[in-house]
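Notes to accompany the following structure.
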Amino acid sequence: MDLVVRAARVESDGVRSLDLVSAAGERLPAWTPGAHIDLVLGEGPDALVRQYSLCGDAASGEIWRIAVLRTADSRGGSQRVHDDLRVGDVVKVRGPRNHFALAASPRYLFIAGGIGITPILPMVAEAEAAGADWRLVYGGRTRSAMAFVDRLAPYGAKVTLAPQDEVGYLDLDALLGAPEAGTLVYCCGPEGLLDAVEARCAAWPQGALRIERFTPIAVDDTGNREFTVVLKRSGLTLTVPRDKSIYAVCRENDVSPLASCLEGICGTCETEVLEGEVEHRDAILDEAERAANTSMMICVSRCRGDRLTLDL
């Protein structure tokens, strides 16, 4: 879709939000908390494609809001959003997609770090509307760097703000040391926070922790093996060498599955698995979904054996 930047705001130190509306004046597709969109920044094959969580009102059919942190190690996406996009500009957008959906639960613990607050914002609004018991612990480097604090203020004591320069690191042992029955934990933020939360939730019931990553999982690919992939709908049997992905081999053979991040973090290339065992390397599927072996992200994941059959 072509969307127009209707508004742009500074939400905190280093965070800029954009309100996007239809260029044709149409209602936008519905979305649910946890969803993200692709921003296509530029034209042609060299265009940057970046994923950003929707953080506005999920009930609004007219505006999609995203918020972007300018990062020092940016590959160009955050710089483009901060420096180049202006009110009135038209930007190409794909989506929305949701691999971080809010499941029904009587009780939630939300943990956000930095820009990880963006998918959590509509989640707490939905939890509040549903009458669920919930609380949010939101950490950041400094109070001035924490976006949307004003939007969280009406929730009162349900929200704990924890600027690192004032209170230190989040006390995850106190938050997660003892599993809480009937509680789902949703966490989004920097990798260090996600890893620490995962470690402390190891004793919680399976499926209690839901996380969203902005960066790919580190994988040792020195043990990569060559394997065969069968594309059933295309009628092709292809060899995937050690140094190429299934996605890359498909493209080389005139099969063009959808893809975006090519890092296993957006879910665009998720493909149905018909036969064979997958070596999952994405940051999206949970343990139950991986064990089911019914789909894979073909941009990063590989075959555990010698042969995979895919619905492509």
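The values are calculated or read from the model by the stated rules, or taken from the named source; none is laboratory data. All values derive from a computational prediction rather than experimental measurement. Using ideal geometry, Cβ is built from the backbone for each residue, glycine included, and neighbour counts are taken over all protein chains shown. To get the accessible areas, we keep the full protein, side chains included, count just its heavy atoms, and leave off ligands, DNA and RNA. Shrake-Rupley method; radii C 1.70, N 1.55, O 1.52, S 1.80 Å.
The charge dipole of the stretch 1-121, taken about the Cα centre with unit charges on the Cβ atoms of Lys, Arg (+1) and Asp, Glu (-1), comes to about 280 debye, rounded to the nearest 20.
Taking 1 over the mean of 1/r across every pair of different Cα atoms in the stretch 42-112, what Kirkwood radius in Å do you get? Can you show the working numbers first?
Details: mean 1/r = 0.0668 Å⁻¹.
Mean inverse Cα-Cα distance, inverted, gives 15.0 Å.
Considering only alpha-carbon pairs that sit under 8 angstrom and 6 or more positions apart, the relative contact order computed for the stretch 65-136 is 30 percent. Here the stretch 100-229 is treated with +1 on each Lys and Arg Cβ and -1 on each Asp and Glu Cβ, and its dipole about the Cα centre works out to around 320 debye. Computed from label points 7 Å out along Cα-Cβ, the spacing between Glu191 and Arg304 is 2.5 nm.
Normalised by 2.2 N^0.38 Å, where N is the number of residues, the alpha-carbon radius of gyration of the stretch 4-125 equals 1.05.
Order Met297, Met1 by their accessible area, 1.4 angstrom probe, all chains in place, largest first.
Numbers: Met297 0, Met1 95 Å².
Solvent-accessible surface, decreasing: Met1, Met297.
Scaling the Cα radius of gyration of the stretch 184-312 by the globular reference 2.2 N^0.38 Å produces a ratio of 1.11. A 1.4 Å probe, protein heavy atoms only, puts the accessible area of Asp2 near 70 Å².
So what is the relative contact order of the chain, in percent, for Cα pairs below 8 Å that sit 6 or more residues apart? Write out the running numbers ahead of the final one.
Details: 648 pairs, mean separation 43.3, N = 312.
In percent, rounded to a whole number, it is 14.
Please identify the trypsin sites (Lys or Arg not before Pro) of the stretch 191-226 that satisfy two criteria: DSSP loop assignment and at most 16 other Cβ atoms within 10 Å. Which are they?
On the way: sites: Arg200, Arg210, Arg213, Arg225; in loops: Arg213, Arg225.
The qualifying sites are Arg225.
When the residues Val249, Val90, Val49 are ordered by accessible surface, computed with a 1.4 Å probe over the protein chains alone, the sequence from largest down reads Val90, Val49, Val249. Assuming charge only on the beta carbon of Lys and Arg (+1) and of Asp and Glu (-1), the dipole of the chain about its Cα centre is about 340 debye to the nearest 20.
With a 1.4 Å probe and all protein chains in place, put Ser234, Ser301, Ser256 in order of accessible area, largest first.
Ranking Ser234, Ser301, Ser256 by accessible area, largest first, yields Ser256, Ser234, Ser301.
With a probe of 1.4 Å, find how much accessible area the chain has per residue, and write the answer as a whole number in Å². Don't skip to the end; give the middle numbers.
On the way: 14890 Å² over 312 residues.
Value returned for the chain: 48 Å² of accessible area per residue.
If the viscosity is 1.567 mPa s and the temperature 4 °C, what translational diffusion coefficient in µm²/s does Stokes-Einstein give for the stretch 221-268 when Rh comes from Kirkwood over Cα pairs?
On the way: Rh = 11.7 Å.
Diffusion coefficient, whole number: 111 µm²/s.
If R0 equals 45 Å, the separation of the Cβ atoms of Lys244 and Ala203 corresponds to a calculated FRET efficiency of about 0.70. Take the alpha-carbon centre of the stretch 56-124, take the same for the stretch 201-243, and report the distance between them in whole Å. Value for the Cα centre distance between the two parts: 25 Å.
Any idea what log10 I(q)/I(0) is at q = 0.10, 0.14 Å⁻¹ for the stretch 136-229, Debye with uniform C-alpha scatterers and no solvent? At q = 0.10, 0.14 Å⁻¹ the computed log10 ratios are -0.37, -0.65.
Its convex hull of Cα atoms gives the chain a direction-averaged projected area, equal to a quarter of the hull surface, of 17.1 nm². In the stretch 34-126, a dipole from Cβ-located charges (positive for Lys and Arg, negative for Asp and Glu) runs towards its positive end, and of Leu109, His99, Val124 it is Leu109 whose Cα lies farthest in that direction.
Viscosity 0.890 mPa s, temperature 25 °C: give me the Stokes-Einstein translational D for the stretch 120-168 in µm²/s, with Rh taken as the Kirkwood radius over C-alpha pairs.
Rounded, D is 215 µm²/s.
Placing unit charges on the Cβ atoms of the charged side chains and taking the dipole of the chain about its Cα centre, the candidate lying farthest along the positive direction among Ala145, Val255, Ala24 is Ala24.
Only one residue of Ile246, Val10, Trp204 has its Cα farthest out toward the positive end of the dipole of the chain, where Lys and Arg carry +1 and Asp and Glu -1 on Cβ, and that residue is Val10.
Only helices enter the 222 nm calculation for the chain: every DSSP H run of n ≥ 4 contributes -39,500 (n - 2.57), and dividing by all residues gives -4500 deg cm²/dmol, rounded to 500. In this label model, Leu258 and Asp133 are separated by 4.0 nm, measuring between points 7 Å along each Cα→Cβ vector.
Among Pro96, Pro154, Pro106, the largest mean-square fluctuation in a Gaussian network model of the chain (Cα springs under 10 Å) belongs to Pro154.
Computed over the Cα atoms of the stretch 25-67, what is the convex hull's projected area averaged over all directions, in nm²?
Across all orientations, the stretch 25-67 yields a mean hull projection of 3.6 nm².
For Thr237 and Glu289, the FRET efficiency from 1/(1 + (r/R0)^6), where r spans their Cβ atoms and R0 equals 30 Å, is about 0.65.
With a cap of 10 neighbouring Cβ atoms within 10 Å, and only residues DSSP puts in a loop, list the trypsin sites (Lys or Arg not before Pro) found in the stretch 49-94. Numbers along the way, then the final one.
Numbers: sites: Arg50, Arg65, Arg70, Arg75, Arg80, Arg86, Lys92, Arg94; in loops: Arg70, Arg75, Arg86.
Hits after loop and neighbour filter: Arg75, Arg86.
Taking the C-alpha atoms only, the angle from helix 191-200 to the longest principal axis of the chain is near 90 degrees.
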